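S.K.: One structure follows; several queries about it will come next.
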Amino acid sequence: MKTTISLIKADIGGWPGHASMHPELIKVAKEELSRAVETGIIKSFYVAHVGDDLELIMSHNRGVGDEEVHKLAWDTFQKGAEKARELKLYGAGQDLLSDAFSGNVKGLGPGSAEMEFTERKSEPLVAFMMDKTEPGAFNLPIFRMFADPFNTAGLVIDPAAHAGFVFEIWDIMENKKVLLRSPEEMYDILALIGAKERYVIKHVFPKEGGKLPPDEPVAVVSTDKLYQIAGKYVGKDDPVALVRAQSGLPALGEVLEPFSFPHLVSGWMRGSHNGPLMPVAMRQAKCTRFDGPPRVVALGFQVHSSLLGEPVDLFDDPAFDMTRTKAQEIADYMRRHGPFEPHRLPLADMEYTTLPGVLERLKDRFEPI
Ligand code: F6R
Ligand code: MG
Ligand code: MG
């Protein structure tokens, strides 16, 4: 029987502002999911948070996009949002964009990353969760894990990884996807995913002829675009991803290594600024400075018989202290640009914009040059 891991998340209220997660919401989620283990909808779960996002990590045998699992997540978010309204948490129910559930959380506001696979003899899996940024923030680290020999030594020296991997890339503006092979088509992959606001890595697959089934993903990223769903600003997408590790895949350390570089991502204050992605422990996942800087948490599991077990908080390690210090230097440097690009995003990418109003007010004062 195959194992499915579903990571479904939503911002259902911040504490205070958009900074962090109220313990009462974690409590509600744990109660709901415990009941679902008893009734057999899921086999196990872990409730996490990053910034103001509630993260439901669930294991089961129902496959990807299962209606019962999605309904469970939706109902849990609804229950949590009720609690958030009672406590008058900030933006209570923010990501729940519809009143009615229709079989799947897709298009309703929450984000999801799910994959179904045949468990190996041992199955290390990392759940990555980001706050104050967008799905394209995963492009650089996922590329480095599965395609960059300067990051992943195994691509060069492990015969089981040497053939490379297949990347499924989505054009999230035109709703199209393409499969590209690495290393053969590496430059084409980079040509697309460097434009991270449009082209995002959705899945990574093993190549045919190796140890792993080529149709079972080894990595998956959420690609939900909240602003396109709602047609107006309703908060950042705050993406999540699942990555399997070891024995022919990048080793755990190769999966984490890309995050030692705090690359610039878009999001941060008002979803309208570029800033460094800072890897942190869950206890440090509070977005305080200028509502950020954007953060990523990594929880590592040893999945066994479709059970998650307890996670290890992987960035809770002094080995990432230097990255955090560097991220803060970059945050300082970027902040000094104030409202100027490239700290503030270009107009097309800004989620809050006063420009139409400014132009309207000034329209009679503009003269031909
Ligand atoms: C960014 C984010 C925050 C808010 C900001 C203003 O994704 O959630 O930076 O955009 O705190 O929030 P409002 O407009 O709700 O006062
Ligand atoms: Mg929020
Ligand atoms: Mg958030």
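The values are calculated or read from the model by the stated rules, or taken from the named source; none is laboratory data. Since the structure is predicted, the reported quantities are computational estimates derived from the model, not experimental observations. Cβ sites come from the backbone with ideal geometry, for glycine too, and all protein chains shown count toward neighbours.
S.K.: Evaluate region 149-156: report whether one residue or more is crowded, with 21+ Cβ neighbours inside 10 Å, in contact with a Leu (Cβ under 7 Å, 6 or more places away or on another chain) and closer than 21 Å to V296 by Cβ.
M.R.: No, region 149-156 contains no residue that is crowded, with 21+ Cβ neighbours inside 10 Å, in contact with a Leu (Cβ under 7 Å, 6 or more places away or on another chain) and closer than 21 Å to V296 by Cβ.
S.K.: Quick check on my filter: what residues within region 30-59 are more than 19 Å from P110 (Cβ to Cβ) and touching a residue at least 12 places away in the same chain (Cβ under 8 Å)?
M.R.: K43, S44, listed by residue number.
S.K.: Let me ask something else. Got a sec? Which of A84, A113, A127, A92 is part of a loop (DSSP other than H, G, I, E, B) and either small (G, A, S) or buried (at least 24 other Cβ atoms within 10 Å of the Cβ) (or both)?
M.R.: On inspection, the qualifying residue turns out to be A92.
S.K.: Which strands (runs of 3 or more DSSP E) sit wholly inside region 160-274 and have at least 2 residues that are within 16 Å of ligand 3 (Cβ to nearest atom) and either buried (at least 20 other Cβ atoms within 10 Å of the Cβ) or modelled with pLDDT of 95 or more (or both)?
M.R.: 240-244, 264-267
S.K.: Find all pairs meeting these conditions: Cβ atoms under 8 angstrom apart; at least six residues apart or on different chains; first residue within region 1-29 and touching a residue at least 60 places away in the same chain (Cβ under 8 Å) and on the phi > 0 side of the Ramachandran plot; second residue of a type in the set (A, V, I, L, M, F, W, C) and within 13 Å of ligand 1 (Cβ to nearest atom).
M.R.: Pairs that qualify, where the first residue is touching a residue at least 60 places away in the same chain (Cβ under 8 Å) and on the phi > 0 side of the Ramachandran plot and the partner is of a type in the set (A, V, I, L, M, F, W, C) and within 13 Å of ligand 1 (Cβ to nearest atom), are G13/L89; G13/A92.
S.K.: Filter region 275-296 down to the residues that are of a type outside the set (K, R) and assigned to a helix (DSSP H, G or I) and list them by number.
M.R.: M282, Q284
Conditions (1) more than 23 Å from the chain's Cα centre (by Cα); (2) in a helix (DSSP H, G or I); (3) without any contact (Cβ under 8 Å) to a residue 12 or more places away in the chain; (4) surrounded by fewer than 19 Cβ atoms within 10 Å (Cβ to Cβ), marked per residue:
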{"position": "A298", "(1), (2), (3), (4)": "no, no, no, no"}
{"position": "Q302", "(1), (2), (3), (4)": "no, no, no, yes"}
{"position": "G309", "(1), (2), (3), (4)": "no, no, no, yes"}
{"position": "F320", "(1), (2), (3), (4)": "no, yes, no, no"}
{"position": "T325", "(1), (2), (3), (4)": "no, yes, yes, yes"}
{"position": "A331", "(1), (2), (3), (4)": "no, yes, no, no"}
{"position": "H337", "(1), (2), (3), (4)": "yes, no, yes, yes"}
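S.K.: When you check M145 against the structure, is it out of contact with any helix residue (DSSP H, G or I) (no Cβ under 9 Å at 6 or more places or on another chain) and of a type in the set (A, V, I, L, M, F, W, C), yes or no?
M.R.: No.
S.K.: Please verify whether T288 is over 20 Å from V218 (Cβ atoms), more than 16 Å from ligand 1 (Cβ to nearest atom) and β-branched (V, I, T), treating the condition exactly as stated.
M.R.: Judged against the criteria, T288 is not a match.
S.K.: Determine whether region 56-79 contains at least one residue that is within 16 Å of ligand 1 (Cβ to nearest atom) and at pLDDT 95 or above.
M.R.: Within region 56-79, not a single residue is within 16 Å of ligand 1 (Cβ to nearest atom) and at pLDDT 95 or above.
S.K.: With respect to L7, determine if the residue is more than 12 Å from ligand 2 (Cβ to nearest atom) and either within 22 Å of the chain's Cα centre (by Cα) or surrounded by fewer than 22 Cβ atoms within 10 Å (Cβ to Cβ) (or both).
M.R.: Against the criterion (more than 12 Å from ligand 2 (Cβ to nearest atom) and either within 22 Å of the chain's Cα centre (by Cα) or surrounded by fewer than 22 Cβ atoms within 10 Å (Cβ to Cβ) (or both)), L7 qualifies.
Conditions tested, residue by residue: (1) within 24 Å of V220 (Cβ to Cβ); (2) charged (D, E, K, R).
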{"site": "S59", "(1), (2)": "yes, no"}
{"site": "G63", "(1), (2)": "yes, no"}
{"site": "E68", "(1), (2)": "yes, yes"}
{"site": "A73", "(1), (2)": "yes, no"}
{"site": "F77", "(1), (2)": "yes, no"}
{"site": "A81", "(1), (2)": "no, no"}
{"site": "E86", "(1), (2)": "no, yes"}
{"site": "Y90", "(1), (2)": "no, no"}
{"site": "S98", "(1), (2)": "yes, no"}
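S.K.: Moving to a separate point now. Residues in region 142-156: is at least one closer than 22 Å to G275 by Cβ and under 15 Å from the mean Cα position of the chain (by Cα)?
M.R.: yes
S.K.: Go through the residues of region 70-81 one by one and say whether even a single one is under 24 Å from G300 (Cα atoms), surrounded by fewer than 18 Cβ atoms within 10 Å (Cβ to Cβ) and more than 16 Å from ligand 2 (Cβ to nearest atom).
M.R.: Looking for residues that are under 24 Å from G300 (Cα atoms), surrounded by fewer than 18 Cβ atoms within 10 Å (Cβ to Cβ) and more than 16 Å from ligand 2 (Cβ to nearest atom), one finds none in region 70-81, hence no.
S.K.: Quick one: P368 ticks every box in (1) at pLDDT 95 or above; (2) surrounded by fewer than 11 Cβ atoms within 10 Å (Cβ to Cβ); (3) not in a helix (DSSP H, G or I) bar one, so which box is it?
M.R.: (1)
S.K.: Sort out which residues of region 11-51 are more than 13 Å from ligand 1 (Cβ to nearest atom), of a type in the set (G, A, S) and either under 15 Å from Q94 (Cα atoms) or in a helix (DSSP H, G or I) (or both), and write them in order of number.
M.R.: Once the filter is applied, which keeps residues that are more than 13 Å from ligand 1 (Cβ to nearest atom), of a type in the set (G, A, S) and either under 15 Å from Q94 (Cα atoms) or in a helix (DSSP H, G or I) (or both), region 11-51 yields A29, S34, A36.
S.K.: Please give the number of the condition G194 fails out of (1) within 30 Å of M269 (Cβ to Cβ); (2) in contact (Cβ under 8 Å) with a residue 60 or more places away in the chain.
M.R.: Of the numbered conditions (1) within 30 Å of M269 (Cβ to Cβ); (2) in contact (Cβ under 8 Å) with a residue 60 or more places away in the chain, the odd one out for G194 is (2).
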